[in-house]
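Peer 1: Attaching a single structure in structure tokens format; questions to follow.
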Amino acid sequence: MELNGVTIDNTYAEAFPTWIARIIITAVTWEWAYKAAMEATGFATSAIGCPCEAGIEKRLSIKETPDGRPGYSILICAPKKKLKEQVVERLAECVLTAPTTAVFNGLTTAEEKIPVKLHFFGDGYEYQKEVGGRKCWVIPIMEGEYVGEEEFGIVKGVAGGNFFVMGENQMAALTGAKAASNAIADVDGVITSFPGGVVASGSKVGSNKYKFMVASTNEKYCPTLREKVPDSKVPAGITAVYEIVIDGLDEKAVAEAMSQGIKAAVKVPGVKFISAGNFGGNLGPFKIDLHKIL
């Protein structure tokens with residue numbers, strides 16, 4: 001199969017279940033809301049070595065936020081037993097501390113909820129009030145008051161949707177990957193948690209040589225190893241490969257993000273091949289077929 005003259009590999013992306021909280025962060029301006037959202041999603045690229053996977057889902061207009069202020073929504077993804085801890089720590093350390101912020105539950109219809117009790121920081125001076133029809137706590141702080149909900153819905157989502165952008169040179173592949181990341185940013189319900197939405201060091205489960213490693217370089221997709229690895233997946237003429245990894249609220253959202261990302265990447269001159277990563281079912285139960293989503 002080809003799309004805009006670019007070969008689309010006949011393969012699938014293998015993804016795995018995760019639990020997700022969606023947090024709405026507002027502030028006096030989009031700049032300050034963005035700064036808080038960026039801090040709250042830091043050190044959260046991959047579950048391999050980070051305590052969670054997290055990222056900014058989208059910018060919210062003043063009509064989309066409970067308090068009518070500029071905002072951003074973020075997704076925090078982790079195993080269910082770790083998710084509450086991550087939400088608490090990231091809101092307490094990264095959002096409560098940020099100027100003019102307020103926080104609201106972004107999954108109001110979720111059946112399951114986790115408590116995030118930050119109001120104790122008020123040391124007895126905290127009080128409750130309603131904001132946009134929501135029950136919130138108000139904490140007096142040095143700049144004025146912090147406002148936040150303290151119950152957040154969680155849902156079982158999908159992590160690890162992915163595809164590879166392969167180019168005839170590094171800049172072509174990187175430009176294609178960035179175009180894909182930009183297109184995915186317009187899809188609701190998903191995040192790309194890696195820097196700029198692009199992965200330079202794609203990994204495989206475990207290691208061929210070092211048994212203590214839970215993940216290691218995916219040598220089949222390293223262009224410099226094409227002549228050294230007998231089962232290399234790098235086609236002739238490809239000198240750089242970037243991976244796009246997507247987490248989302250459900251499989252449909254992840255598949256749509258993959259589709260939009262691929263369609264954007266193949267428009268970039270020098271992008272020659274699109275593939276995806278899977279591990280024969282060792283990673284997760286979701287199989288998102290590239291040909292079907294396109």
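The values are calculated or read from the model by the stated rules, or taken from the named source; none is laboratory data. Everything numeric in this text was worked out from a predicted model, so none of it was measured. Heads up, the Cβs are rebuilt from the backbone with ideal geometry, glycines too, and the neighbour counts pull from every protein chain shown.
Peer 1: Quick check: is even one residue across region 72-80 in contact with an Asp or Glu (Cβ under 8 Å, 6 or more places away or on another chain), at pLDDT below 95 and within 16 Å of T192 (Cβ to Cβ)?
Peer 2: no
Peer 1: Restricting attention to strands (runs of 3 or more DSSP E) lying wholly within region 84-139, give those where 2 or more residues are touching a residue at least 24 places away in the same chain (Cβ under 8 Å).
Peer 2: On the way: elements: 102-105, 112-115, 127-131.
Once the strands (runs of 3 or more DSSP E) in region 84-139 are filtered for at least 2 residues that are touching a residue at least 24 places away in the same chain (Cβ under 8 Å), what remains is 102-105, 112-115.
Peer 1: What about V199, is it assigned by TED's automatic domain parsing to the domain that holds I8 and touching a Phe, Trp or Tyr at 6+ places or on another chain (Cβ under 6 Å)? Walk me through how you get there before you give the answer.
Peer 2: On the way: assigned by TED's automatic domain parsing to the domain that holds I8: yes; touching a Phe, Trp or Tyr at 6+ places or on another chain (Cβ under 6 Å): no.
It is false that V199 is assigned by TED's automatic domain parsing to the domain that holds I8 and touching a Phe, Trp or Tyr at 6+ places or on another chain (Cβ under 6 Å).
Peer 1: Within region 60-82, does at least one residue satisfy the condition of being acidic (D, E), touching a residue at least 40 places away in the same chain (Cβ under 8 Å) and buried (at least 19 other Cβ atoms within 10 Å of the Cβ)?
Peer 2: Looking through region 60-82, none of the residues is acidic (D, E), touching a residue at least 40 places away in the same chain (Cβ under 8 Å) and buried (at least 19 other Cβ atoms within 10 Å of the Cβ).
Peer 1: Looking only at region 232-259, count every residue that is more than 23 Å from A44 (Cβ to Cβ) and either polar (S, T, N, Q) or in contact (Cβ under 8 Å) with a residue 12 or more places away in the chain (or both) and tell me the total.
Peer 2: Restricting attention to region 232-259, the residues satisfying the condition of being more than 23 Å from A44 (Cβ to Cβ) are 232-241, 252, 259.
Then keep just the ones that are either polar (S, T, N, Q) or in contact (Cβ under 8 Å) with a residue 12 or more places away in the chain (or both); that gives 232-235, 237-241, 259.
Within region 232-259, residues that are more than 23 Å from A44 (Cβ to Cβ) and either polar (S, T, N, Q) or in contact (Cβ under 8 Å) with a residue 12 or more places away in the chain (or both) number 10.
Peer 1: Let me spell it out: the conditions are (1) of a type outside the set (D, E); (2) crowded, with 19+ Cβ neighbours inside 10 Å; (3) assigned by TED's automatic domain parsing to the domain that holds E111, and P140 meets all of them except one. Which number is the exception?
Peer 2: Against the list (1) of a type outside the set (D, E); (2) crowded, with 19+ Cβ neighbours inside 10 Å; (3) assigned by TED's automatic domain parsing to the domain that holds E111, P140 comes up short only on (2).
Peer 1: I've got another one for you. Mind checking which residues of region 112-125 are surrounded by fewer than 21 Cβ atoms within 10 Å (Cβ to Cβ) and in contact with a strand residue (DSSP E or B) (Cβ under 8 Å, 6 or more places away or on another chain)?
Peer 2: Filtering region 112-125 down to residues surrounded by fewer than 21 Cβ atoms within 10 Å (Cβ to Cβ) leaves 112-115, 117-125.
Scanning region 112-125 gives E112, K113, I114, P115, L118, H119, F121, G122, Y125.
Peer 1: Considering only strands (runs of 3 or more DSSP E) fully contained in region 198-294, which possess at least 3 residues that are crowded, with 20+ Cβ neighbours inside 10 Å and of a type outside the set (D, E)?
Peer 2: Numbers: elements: 203-205, 215-217, 240-248, 271-275, 286-289.
The strands (runs of 3 or more DSSP E) meeting that bar are 240-248, 271-275.
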